[in-house]
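The values are calculated or read from the model by the stated rules, or taken from the named source; none is laboratory data. Just so it is clear, the structure is predicted and the values come from calculations on it, not from any experiment. Counting neighbours? That spans all protein chains shown, and the Cβs are built from the backbone with ideal geometry, glycine included. Surface areas here come from the heavy atoms of the whole protein model, side chains and all, with no ligands, DNA or RNA. Shrake-Rupley method; radii C 1.70, N 1.55, O 1.52, S 1.80 Å.
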Amino acid sequence: MAIELYGDLIRFNDISLNSPEGRQWQDAWLEKYLRSEDKSQLVLSGNLELNIHVATYSNLLYPGVGVPFYM
């Protein structure tokens, strides 16, 4: 199973993204992202504080099993 989250990143490794240090980190990450050839290989690892708005799940081994389908 996999979970997909959508929301706001509030803090990363105890750095508030609303602080000057947090804005510098965001600018550096954006530059790294824009320069990356393979964006799917970029990994953000550390302590994340999120304000989650929506979460969904999926069955990766058997797609569609246990997941409601609406038309």
Hey, can you tell me all the residues within segment 11-47 that are closer than 30 Å to M1 by Cβ and open to solvent by less than 90 Å² (accessible area, probe 1.4 Å)?
R11, F12, N13, L17, W29, S36, D38, K39, L42, L44, S45, G46
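Condition first: polar (S, T, N, Q), part of a strand (DSSP E or B), out of contact with any Phe, Trp or Tyr (no Cβ under 6 Å at 6 or more places or on another chain) and surrounded by 10 or more Cβ atoms within 10 Å (Cβ to Cβ). Can you find one or more residues in segment 48-61 that meet it?
Of all residues in segment 48-61, those polar (S, T, N, Q) come to 51, 56, 58-59.
From the residues that got through so far, the ones that are part of a strand (DSSP E or B) too are 51, 56, 58.
Add one more test, that the residue is out of contact with any Phe, Trp or Tyr (no Cβ under 6 Å at 6 or more places or on another chain), and what stays is 51, 56, 58.
If we keep only those that are surrounded by 10 or more Cβ atoms within 10 Å (Cβ to Cβ) too, we end up with 56, 58.
Within segment 48-61, one or more residues are polar (S, T, N, Q), part of a strand (DSSP E or B), out of contact with any Phe, Trp or Tyr (no Cβ under 6 Å at 6 or more places or on another chain) and surrounded by 10 or more Cβ atoms within 10 Å (Cβ to Cβ).
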Among the residues of segment 12-32, count how many are more than 14 Å from G46 (Cβ to Cβ) and part of a loop (DSSP other than H, G, I, E, B).
2
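When only residues in segment 31-65 that are among the aliphatic types (A, V, I, L, M) and within 13 Å of the chain's Cα centre (by Cα) count, which is nearest to N13 (Cα to Cα)?
To start, the set of residues in segment 31-65 that are among the aliphatic types (A, V, I, L, M) comprises 34, 42-44, 48, 50, 52, 54-55, 60-61, 65.
When the remaining residues are screened for being within 13 Å of the chain's Cα centre (by Cα), the result is 42-44, 48, 50, 52, 54-55.
Values: L42: 17, V43: 14, L44: 11, L48: 6, L50: 12, I52: 17, V54: 23, A55: 22 Å.
The extreme case among them is L48.
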Take segment 4-41 and flag every residue that is over 28 Å from T56 (Cβ atoms) and touching a strand residue (DSSP E or B) at 6+ places or on another chain (Cβ under 6 Å).
E21
I need the full set of residues from segment 24-65 which are touching a Gly at 6+ places or on another chain (Cβ under 7 Å) and modelled with pLDDT of 90 or more, in order please.
L50, N51, I52, H53
Could you grab me the full set of residues in segment 33-47 that are in a helix (DSSP H, G or I) and of a type outside the set (S, T, Y)?
L34, R35, K39, Q41
